[in-house]
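Chemist: One structure, pasted below without further comment.
Every read-out reported here was derived from the displayed coordinates using simple, explicitly stated rules and does not represent laboratory data. Note that the structure is predicted; figures quoted are calculated from it, not measured. As a convention, Cβ positions derive from the backbone with ideal geometry for all residues, glycine included, and neighbour counts pool all protein chains shown.
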Amino acid sequence: MSKKKKDWKIERERLLRLDREERRKEYRRQEFVCLDKILSWREENKPNDQEEGTELTGGGGLSDKVSLYKGDITVLELDAIVNAANSSLLGGGGVDGCIHKAAGSCLYDECNSLNGCETGKAKITCGYDLPARYVIHTVGPVARGHVGPTETNDLTSCYQSSLRLMKEHGLSSVAFPCISTGIYGFPNEPAADIALNTVKNWIEENPDKITRVIFCVFLETDFAIYKKKMSVIFQDNDTEGTEEQEKGDDTPPSTKSTTQEESEDSNRGKEETGDEEEGDNDPVENQDVEMESQIQEEDSGHEEPNQEKDKDGNENPDKDEDVGIDDNKDEDQGIDKDNDEEKAKEEQPAAKTEEDDTGMSTVEMEDVSGNNETGTSNGEEIKDHVEISEEPDSVLTDSIQSKDTVEKKE
Ligand SMILES: NC(=O)c1ccc[n+]([C@H]2O[C@H](COP(=O)([O-])OP(=O)(O)OC[C@H]3O[C@@H](n4cnc5c(N)ncnc54)[C@H](O)[C@@H]3O)[C@@H](O)[C@H]2O)c1
């Protein structure tokens, strides 16, 4: 029997009033990763001889305020996660599809009330069934392998607009996916340079406004790129990157959990949404780079994220059936979602969308570092050492940090 569809306004107001423990009962998926389980960059790179478990008195420097996390952004329990959306804001594939799928149908309904979003700008909504309290939707440039001043400015603006919304809403922990590097075809390296330098500049100007910015990569290629660049850009004097890191050593860092205090949720009860940020387009640097953009497999056609599946036992059975995102609804929105994607698809075979065993559709991007036989989109076996209940587990995460960072609600 179908359950009554919830009114997003009422649901948003209710959810944003809950404290963390109460919210945890509402997460659609049973697994989540809380902030204190995600090591800061400094913690990842502290000298090996430092004793295990010693209190890490992070100097409050840059490298205490950023993290590199490899896995599914929808499991991160943060103040906000950023969605690489399209201008309709009505969902689609890739990380956008995953976020809408995990958040539930109220996210679509609230997005539908926002009248789209321009490239380089950002809008904020409630996170609904996600562990993240909010979702910041930003629209990256459709680069199609070419990076000129416009693409650079627009991508820079995505990060700036998102961070400005964080500040305006008093949020202090956020995760960014690799915006525009999937179907929109922004080359991975220049995109990483823009992401890292824009975030660094912003933290330097707003040191007391942020606890953690997490770069959430999904592909092996991006993990290697970010790790190499972060060891240079976020190098603290007292924790010089080791030689291997400078050479781009890709062995995952230690898996110690942090002793960092879990970030206080300073936003209880806040409920503004729908703010649109003006990008202030001061580019990190204008590059005119023609680079091989990320290789993408033939698009098997955009598939709507699938309905929640009770059988996998992985979803909260009390949650409403997810009303799949109906692309047709966009037509009467008259918003150029299709144009965005058409443009992107003309030049770049869009990613193949595959459904994994959670029924979540993840965008399968050709990972240049090797074939992906495992069905996970980052090409690695799911090695889940998490203590979990007897339900079938389908954790998608493959953190570069501890495998046991994924918690399971009892
Ligand atoms: N790929 C498709 O088939 C498809 C189709 C329609 C729309 N879209 C989406 O793509 C457009 C935006 O392009 P884009 O390149 O900015 O985004 P994208 O195509 O989602 O790729 C951005 C990055 O996110 C990564 N990613 C994918 N899933 C996750 C996840 N669960 N957690 C963390 N990272 C993840 C992905 O590997 C890539 O590095 C939007 O229209 C959006 O709706 C994708």
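Chemist: What residues qualify as long-range amide H neighbours of residue 33, i.e. H under 5 Å apart, gap of 5 or more or another chain, H built at 1.01 Å from N?
Modeler: 76, 77, 407
Chemist: A follow-up question, please. Multiplying the sequence separation of residue 168 and residue 7 by 0.36 nm and subtracting their Cα-Cα distance, what value in nm do you get? Show your work: numbers first, answer last.
Modeler: Numbers: separation 161, 0.36 × 161 = 57.96 nm, distance 2.56 nm.
Value of the extension gain: 55.4 nm.
Chemist: Each residue of the stretch 197-208 in order: what ³J(HN,Hα) in whole Hz does its phi give by Karplus 6.51 cos²θ - 1.76 cosθ + 1.60, θ = phi - 60°, with x for Gly and Pro?
Modeler: 6, 5, 5, 4, 4, 5, 5, 4, 8, 9, x, 9
Chemist: FRET efficiency for residue 18 and residue 150, Cβ-Cβ distance as r, R0 = 35 Å, nearest 0.05?
Modeler: 0.25
Chemist: So for each of 226-233, 15-22, 150-157, 191-198 I average, over its residues, the number of other beta carbons within 10 Å; can you give me the resulting order with the highest mean first? Before the final figure, lay out each step's value.
Modeler: Values: 226-233: 20.2, 15-22: 13.5, 150-157: 25.4, 191-198: 23.2.
Put in order of decreasing packing, that is 150-157, 191-198, 226-233, 15-22.
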